[in-house]
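As structure tokens, the structure follows; a few thoughts come after it.
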Amino acid sequence: MMQKLVVLFILLSGSSTKSEGLTGKGFTFPSESNTAYATLTPDVEGPYSALTLCLRSFPENGRIYTLFSLATPSKDNDFLLYHPEKGKYSVYVNNNVHNFLGMPDNQNEWNSVCWTWDGKTGLTQVWVNGKRSIRAKIYTGSIAAATPSIILGQEQDSYGGRFDANQCFVGDLSDVHMWNYVLDPCAIQDYMKAYTFIPGNVLNWEALNYNVNGEVLVEPTGCY
């Protein structure tokens, strides 16, 4: 009986579901793995015809890493923000990709990143540390018609799984917000400068529903 209780405790302690505000805190991914990640539950379900994603990252230098992964049963890269090399951000919408080059990329500092996509025009754009990319056409339409799997820390090669440690995030992620519309440039700059802004209505870091799996810690972030 005692052995069964120990096994049950181990299984339960590997994953903890919470709903809370994480203001002033972040997820710490301390080491490379294919088992550490956080799943987020959106407050507004799809389909989405426009999205804005904003987050802050303090990544380990010199790595390929994934900042945000949203998959559906039919599209593993329905909405993916990927960092394949210094200064380069790859965005995926409905499995279509566009690469933004020459973006700011602070080393050993926080980076504030926002990404917009408008399904009416197909235009997408990335902002990093207050600097914007061009607008580029990527996909016209809507995404996430089925229940999305939203994951921080890993890149989904299938719905909710098939993680590769070489693509995982190592470092700190914080202040994740998502809106089902395109934020205007002034609102994005307010986020970048940590001014007052309207929290995300799809994902709200101040009232987040999340589930932690593997070695993911919730730690204070300090000042940005």
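Quick notes on this structure:
- Which numbered condition residue 90 fails, given (1) of a type in the set (Ser, Thr, Tyr); (2) without any contact (Cβ under 8 Å) to a residue 12 or more places away in the chain; (3) under 19 Å from residue 42 (Cα atoms): (3)
- Pick from the stretch 108-131, criterion in contact (Cβ under 8 Å) with a residue 60 or more places away in the chain and farther than 14 Å from residue 188 by Cβ, ranking: farthest from the chain's Cα centre (by Cα): 120
Quick grid of which residues meet (1) outside any loop (DSSP other than H, G, I, E, B); (2) farther than 21 Å from residue 43 by Cα; (3) modelled with pLDDT under 95:
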{"position": "114", "(1), (2), (3)": "yes, no, no"}
{"position": "127", "(1), (2), (3)": "yes, yes, no"}
{"position": "140", "(1), (2), (3)": "no, yes, no"}
{"position": "147", "(1), (2), (3)": "no, no, yes"}
{"position": "195", "(1), (2), (3)": "no, yes, yes"}
{"position": "210", "(1), (2), (3)": "yes, no, no"}
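- Within the stretch 199-211, being of a type in the set (A, V, I, L, M, F, W, C) and either exposed (fewer than 14 other Cβ atoms within 10 Å of the Cβ) or within 17 Å of residue 148 (Cα to Cα) (or both) holds for 202, 203, 208.
- Taking the listed residues 68, 58, the one that is at pLDDT 95 or above, surrounded by 21 or more Cβ atoms within 10 Å (Cβ to Cβ) and part of a strand (DSSP E or B) is 68, with no other qualifying.
- In the stretch 132-146, residue nearest to the chain's Cα centre (by Cα) [restricted to those that are buried (at least 18 other Cβ atoms within 10 Å of the Cβ) and of a type in the set (Gly, Ala, Ser)]: 144
- Qualifying residue in the stretch 103-121 (condition: within 25 Å of residue 159 (Cα to Cα) and surrounded by fewer than 18 Cβ atoms within 10 Å (Cβ to Cβ)): no
- Per this entry, residue 170 is counted among residues that are touching an Asp or Glu at 6+ places or on another chain (Cβ under 6 Å) and surrounded by 14 or more Cβ atoms within 10 Å (Cβ to Cβ).
- Among the conditions (1) farther than 26 Å from residue 223 by Cα; (2) buried (at least 22 other Cβ atoms within 10 Å of the Cβ), residue 73 misses just one, which is (2).
- Within the stretch 149-159, being assigned to a loop (DSSP other than H, G, I, E, B) and among the small types (Gly, Ala, Ser) holds for one residue alone: 153.
The values are calculated or read from the model by the stated rules, or taken from the named source; none is laboratory data. The structure presented is a predicted model; accordingly, all values stated were derived computationally and were not measured. When we count neighbours, we look across all protein chains shown, and the Cβ atoms used for this are built from the backbone with ideal geometry, even at glycine.
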